[in-house]
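One structure is given here, and the rest of the page talks about it.
A short reminder: the numbers here are calculations on the coordinates, not readings from a lab. These numbers come from a predicted model, not from an experiment. When we count neighbours, we look across all protein chains shown, and the Cβ atoms used for this are built from the backbone with ideal geometry, even at glycine.
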Amino acid sequence: MSYLGLVPSENSSGETRRQGKITKTGSKHARRLLVEASWHYKKTPARGVTLQRRQEGQPATVVAISWQAQQRLHRVWTRLVDERGKRSTIVAVAVARELAGFCWALARAD
């Protein structure tokens, strides 16, 4: 996540801790793709016919991780918007950060 610049910058001194904008280090293209993809988690996840066909023949661990990601990222989106009242643009970056973690988990799956 920090490799892609999706973590907040921080200015700390003593007991004071201030977090700022995202660091924007790493690949601008990868960060943009993750943020654009994160907007799709605004909708409630569902397994439609097209998705089921696309998942046929895929390893069970990958399908399980992807379904877990869909549910969790939608939950994060709704919690941040509805309960905390965050702006959608900020929520999209937060969800993109978590999406990067799931992509890393998929890459490391056996």
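Summary of values
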item: Charge sum, other residues only, whose C-beta stays under 15 Å from residue 31's C-beta, Lys/Arg counted +1 and Asp/Glu -1; result: +3
item: Relative contact order for the chain, counting Cα pairs under 8 Å that sit 6 or more residues apart, in percent; result: 30 percent
item: Gyration tensor verdict on the stretch 20-88 (Cα atoms; rounded if a/c is under 1.5, prolate if a/b is larger than b/c, oblate otherwise); result: oblate
item: Estimated 222 nm signal from helices in the chain, with DSSP H stretches of n ≥ 4 weighted -39500 (n - 2.57), rounded to 500; result: -17000 deg cm²/dmol
item: Inter-part distance where the stretch 1-54 and the stretch 74-96 are each reduced to a Cα centre, Å; result: 11 Å
